[in-house]
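Encoded as structure tokens, the structure appears first; notes follow it.
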Amino acid sequence: MLFGSQVGFVTAYTYFISSQMIQTITQIGNYPEKDPALWTFTVDDAKAKWYFLPICFAIFYPLVLVRKITVFAKFHLFGDIMIILAIVVMTIDATISIKNNGWNPNPELKWINMDLWPNAIGFAVYSFEGVGVILPIYDITENKQEYYKLVLIVCAFITVMYVIFGELCVWTYSNRESFILDPLITGSMPDGPVSWIIKILFMFNLFASYPLVIYPANMVVESYLYSGWPKSRKRQMCKNLNRAVLVFITVLMAIVVYAKMDRLLSITGGLTCIPIAFIYPAMFHYKACAETKSQKICDAILIVVGIGLSVFCTIYAIINWNA
């Protein structure tokens, strides 16, 4: 499950890099023309995306060969800054748009998409990709008594921000063609130098994040394949080859499912993230920590609900792959 979730994450990273680069090149080539129908410089997505296969592989592969993964830890702060910057820019643009044009939602947009609403569950659990760092951070935290209170505050703040920012974007950008065609909210950002800079910086951030996120997947595979091998040049070369194959697979997946990335992430969320976020923690707690009957009942409920959601969301996303 850990292997599958991490592979899904880095596949999404590759898709973001390639799609945003194509979009940025097209916008720069037609700036300052605002109407896409009048653009004279266009980039064919169907062909251009295949050029990113060797480009992304050439960048990712040397990065995943780095054994001391802490080298990339400093880029976490850079990534946080990029996220905040993008949110601020889009919030300002949305506010200006609302002031000038009023609320402008798509009249055909429904409050609930009755055809694909289960995919939202997979996406929601996909947001738990950082849940795996909670316990490791707890181990090195000085004030452990206040840690879980802080985690609760952070999760509540992020949830409120997700809802407010998401609704603001829907009510402001949902009438734009880019909002309908592009699953990434950055595709609805205002065309101009600020938007291009943010997208390019995001790409650099994901280049640095890729080796961090795929690292657990590499560890899972290598622990099975090379656990009994003594340290040697042969062992190192085989690991390097193994990492090359995995990078190639993730990049190829991003290109092949290019137009269906939202469906892939829904499957990833349902099949791998729901067990990691809900089922396995409840199972471990039931076996190792649960002492009272009420605790065991709560764990059992989480396990049953988690299994049900995982099966339902995964099957639904597969059935509606072409919806």
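The values are calculated or read from the model by the stated rules, or taken from the named source; none is laboratory data. Because the structure is a prediction, the values reported are computed rather than measured. Ideal geometry is used to build each Cβ from the backbone, glycine not excepted, and the neighbour counts take in all protein chains shown.
Going by what's in this entry, would residue 244 be described as among the small types (Gly, Ala, Ser), in a helix (DSSP H, G or I), in contact (Cβ under 8 Å) with a residue 60 or more places away in the chain and in contact with a Ser or Thr (Cβ under 6 Å, 6 or more places away or on another chain)? No. Being surrounded by 14 or more Cβ atoms within 10 Å (Cβ to Cβ) and among the charged types (D, E, K, R), is that true of even one residue in segment 223-241? Yes, because at least one residue in segment 223-241 is surrounded by 14 or more Cβ atoms within 10 Å (Cβ to Cβ) and among the charged types (D, E, K, R).
Kindly establish whether residue 86 is touching a Ser or Thr at 6+ places or on another chain (Cβ under 7 Å), under 22 Å from residue 18 (Cα atoms) and assigned to a helix (DSSP H, G or I). For residue 86, the condition - touching a Ser or Thr at 6+ places or on another chain (Cβ under 7 Å), under 22 Å from residue 18 (Cα atoms) and assigned to a helix (DSSP H, G or I) - is met.
Kindly establish whether residue 213 is under 18 Å from the mean Cα position of the chain (by Cα), modelled with pLDDT of 90 or more and assigned to a helix (DSSP H, G or I). Criteria not met by residue 213.
Mind listing whichever residues of segment 245-281 are touching a Leu at 6+ places or on another chain (Cβ under 9 Å), surrounded by fewer than 19 Cβ atoms within 10 Å (Cβ to Cβ) and under 21 Å from residue 63 (Cβ atoms)? Matches in segment 245-281: 248, 252, 255. Within segment 269-323, the set of residues being small (Gly, Ala, Ser), without any contact (Cβ under 8 Å) to a residue 12 or more places away in the chain and either touching a helix residue (DSSP H, G or I) at 6+ places or on another chain (Cβ under 7 Å) or within 20 Å of residue 1 (Cα to Cα) (or both) comprises 290, 308.
In summary, helices (runs of 4 or more DSSP H) completely within segment 91-204 and bearing 3 or more residues that are touching a residue at least 12 places away in the same chain (Cβ under 8 Å) occur at 117-126, 147-173, 177-181.
Could you go through segment 97-112 and let me know if any residue there is surrounded by 10 or more Cβ atoms within 10 Å (Cβ to Cβ), farther than 26 Å from residue 4 by Cβ and at pLDDT 80 or above. There is at least one residue in segment 97-112 that is surrounded by 10 or more Cβ atoms within 10 Å (Cβ to Cβ), farther than 26 Å from residue 4 by Cβ and at pLDDT 80 or above.
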